[in-house]
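Data block below; observations after.
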Amino acid sequence: MITFIESFARELEMEAAGTVKMLALVPADKLTWKPHPKSMAMKMLATHVAEIPGWVDTAVKTSELDMAKTPYSPRDCNTGEELVEYYKSNVAGALESLKGVKDSILDDSWTMRNGDQVYFTMSKLDVIRHSLCQLVHHRAQLGVYLRLLDIPIPGVYGPSADDQGKM
């Protein structure tokens with residue numbers, strides 16, 4: 001039987017192919033576009049998708065993220081190619097971190113805070129699981145953005161409606 005760590009690594013690797021396809025489609029001329037005033041701009045959403053695997057690396061290597069000490073500073077990606085490169089580097093870092101640990105770390109607590117304000121404390125297992133769920137969630141959100149811009153959506157878990165039309 002595989003370990004949780006091995007399972008997380010496999011899942012991240014499996015999600016990577018579909019995520020790369022989606023990020024590569026982000027049009028450089030639509031980075032400020034958003035489907036609704038309350039929505040994130042395309043650039044912010046795509047950058048967020050690309051950075052999420054870095055959360056796994058952070059969860060494995062640290063016991064907390066204090067935003068008062070480490071303010072959020074997103075990477076400035078302006079093309080699909082830059083987003084894919086950033087994403088792949090974050091996946092590689094996450095996989096390397098996972099390769100170097102045992103399941104025993106997964107019971108350790110991890111906290112996200114901003115100085116004295118604690119947002120949450122949960123096990124590293126839950127943080128990694130949450131990160132992978134966030135990746136899938138926001139990638140799907142990015143797919144909706146692309147669909148609304150009439151950009152054909154690639155299949156992630158099988159053929160998409162756009163792929164079906166090619167068959």
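Per residue of the chain, what 222 nm ellipticity follows from adding -39500 (n - 2.57) for every DSSP H run with n ≥ 4, rounded to the nearest 500? Please report the intermediate quantities before stating the final value.
Working: 6 runs with 91 residues, N = 167.
After summing the helix terms and dividing by the residues of the chain, the value is -18000 deg cm²/dmol.
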HN-Hα J in Hz across region 101-111 - Karplus 6.51, -1.76, 1.60, θ = phi - 60°, x for Gly and Pro
10, 10, 4, 4, 6, 5, 7, 5, 7, 9, 10
Could you work out, for region 1-50, what percent of all Cα-Cα pairs fall into each 10 Å distance bin, beginning at 0 Å and stopping at the bin that holds the largest distance?
23, 37, 24, 14, 3
Kirkwood Rh, angstrom, the chain [1 / mean 1/r, Cα pairs]
16.9
On a 0 to 90° scale, report how tilted helix 4-24 is relative to the longest principal axis of the chain, with both axes built from alpha carbons and the result rounded to the nearest 10.
30
Taking H as built 1.01 Å from N, whose amide H comes closer than 5 Å to the amide H of residue 114, not counting residues under 5 places away?
67, 119
Show me 10-17, 156-163 ranked by packing, highest mean number of other Cβ atoms within 10 Å first.
10-17, 156-163
By how many degrees, between 0 and 90 and to the nearest 10, does the Cα long axis of helix 42-51 differ from the longest principal axis of the chain?
40
List the residues whose amide H sits under 5 Å from the amide H of residue 62, counting only those 5 or more places along or on another chain, with H placed 1.01 Å from N in the peptide plane.
none
Pairwise label distance in nanometres, residue 107 with residue 30, each label 7 Å out on the Cα-Cβ vector:
4.8
Short version: ³J(HN,Hα) in whole Hz for each residue of region 91-97, in order, from phi by Karplus 6.51 cos²θ - 1.76 cosθ + 1.60 (θ = phi - 60°), x for Gly and Pro, what are they?
5, 4, x, 5, 5, 5, 5
Centroid-to-centroid separation of region 142-159 and region 81-116 [C-alpha atoms, Å]
27
Taking amide H positions as placed 1.01 Å from N in the peptide plane, with prolines and chain starts having none, which residues 5 or more places from residue 151, or on another chain, fall under 5 Å of its amide H?
none
With every protein chain in place, region 86-167: carbon and sulfur % of accessible area (1.4 Å):
54
Can you compute the charge dipole magnitude of the chain about its Cα centre, using +1 on each Lys and Arg Cβ and -1 on each Asp and Glu Cβ, nothing else charged? Give it in debye, rounded to the nearest 20.
340
Reachable aspartates and glutamates from residue 34, Cα under 19 Å, same-chain residues fewer than 8 places away excluded?
76, 150
Determine the dipole magnitude for region 102-167: charges of +1 sit on the beta-carbon of Lys and Arg, -1 on that of Asp and Glu, nothing else is charged, the reference point is the Cα centre, and the result goes in debye to the nearest 20.
100
Suppose all protein chains stay in the model; what accessible area per residue would a 1.4 Å probe give for region 14-149, in Å²?
53
From the phi angles alone, apply the Karplus equation (6.51, -1.76, 1.60; θ = phi - 60°) to region 119-133 and give each ³J(HN,Hα) in whole Hz, x where the residue is Gly or Pro.
7, 6, 10, 8, 5, 4, 4, 5, 5, 5, 4, 4, 4, 5, 5
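Let me make sure I get this right: for region 117-167, a, b and c are the square roots of the gyration tensor eigenvalues over alpha carbons, sorted descending. Under 1.5 in a/c it's rounded, otherwise prolate if a/b > b/c, else oblate. Which is it?
Values: a/c = 8.20, a/b = 2.44, b/c = 3.36.
Because a/c hits 1.5 or more and a/b fails to exceed b/c, region 117-167 counts as oblate.
The values are calculated or read from the model by the stated rules, or taken from the named source; none is laboratory data. Because the structure is predicted, anything quoted here is derived from the model rather than measured. Cβ: placed from backbone, ideal geometry, glycine included. Neighbour counts: every protein chain shown. Note: areas computed on protein heavy atoms with side chains; ligands, DNA, RNA excluded. Shrake-Rupley method; radii C 1.70, N 1.55, O 1.52, S 1.80 Å.
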